Every structure is written in C-alpha cells, then in structure tokens.
Amino acid sequence: MRYQFVIYEKKGHIAYVTINRPEVMNALHYDTNAELSEAFDDFKQDDESWVAILTGAGNRAFSAGNDLKATAAAIAKGDYERFRVRQTHHCGGEWRRRRWGLRDGTGMRPGHRG
C-alpha cells in the first residue's frame, strides 16, 4: 500500500503508522483520515501485527489535530458531513483488539483515562 499522507511500515510484530504532513504540523484532513483508516484496518486484520505505534513526521508536533483550513473548505463546498464521518471512523472501539501508543509523546492504550 502506498499513501501520500501516511507512512505505514511493518517490522516484525510492530506496525508503525506515521502521519506525514509536517508542513502543517501533521494536521488531519479528509485524505489523511482516509489513509489512517486504511492503515489501521490493515493492522486490525493482520494477526502477525501485535502493536501499532502512531507518530507524526517532523519535529514541531505529533499532530495539530483537525486541519481547520480543510474543514473550512469542505464546509464552503457543502461537503462537511462526508468529511466528519471519515474523521470519526475509528473512534469508539475500532482499535480495541490490540494495544497502540504514541512514540515521542504520551503512550496511550484502550481504557486510558489520561
């Protein structure tokens, strides 16, 4: 799988997922979220991948969160609902099967109450 905004690699039993938009502090827009969904769907279905490590490219930020410029553009085009649904695809238990965390940041796992 080849992605434009995500780097997805597997080494042994570890899947590495890197948000690759350092020029905008790894802000998440529709295409990034779609690629993250594909990568984590692959991770979820691969019994040989035990752990996923999520990180961000560059040294300025793990992720600034939502890409506000992309959101404003989607709203202006009347396309925000499609964007919002994709953005929340993996929230609420899609990753519960295995542990995951952040490198160069706070480690988190399902059930974390940080």
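Since every read-out is calculated from the coordinates, none of them should be taken as a lab result. Model, not experiment: these values are computed from the prediction. Here the Cβ is made from the backbone with ideal geometry for all residues, glycine too, and neighbour counts use every protein chain on show.
Output yes when any residue across the range 28-47 is of a type in the set (S, T, N, Q), out of contact with any strand residue (DSSP E or B) (no Cβ under 7 Å at 6 or more places or on another chain), closer than 29 Å to Lys69 by Cβ and surrounded by 14 or more Cβ atoms within 10 Å (Cβ to Cβ), and no when none is. Checked the range 28-47: at least one residue is of a type in the set (S, T, N, Q), out of contact with any strand residue (DSSP E or B) (no Cβ under 7 Å at 6 or more places or on another chain), closer than 29 Å to Lys69 by Cβ and surrounded by 14 or more Cβ atoms within 10 Å (Cβ to Cβ). Restricting to the range 1-27, and then to whatever is hydrophobic (A, V, I, L, M, F, W, C) and within 12 Å of Leu54 (Cβ to Cβ), can you tell me which residue is farthest from the chain's Cα centre (by Cα)? Among those that are hydrophobic (A, V, I, L, M, F, W, C) and within 12 Å of Leu54 (Cβ to Cβ), it is Ile14.
Restricting the search to the range 7-61, which residues are in contact with a Ser or Thr (Cβ under 7 Å, 6 or more places away or on another chain), part of a loop (DSSP other than H, G, I, E, B) and charged (D, E, K, R)? Answer for the range 7-61, where residues must be in contact with a Ser or Thr (Cβ under 7 Å, 6 or more places away or on another chain), part of a loop (DSSP other than H, G, I, E, B) and charged (D, E, K, R): just Arg21.
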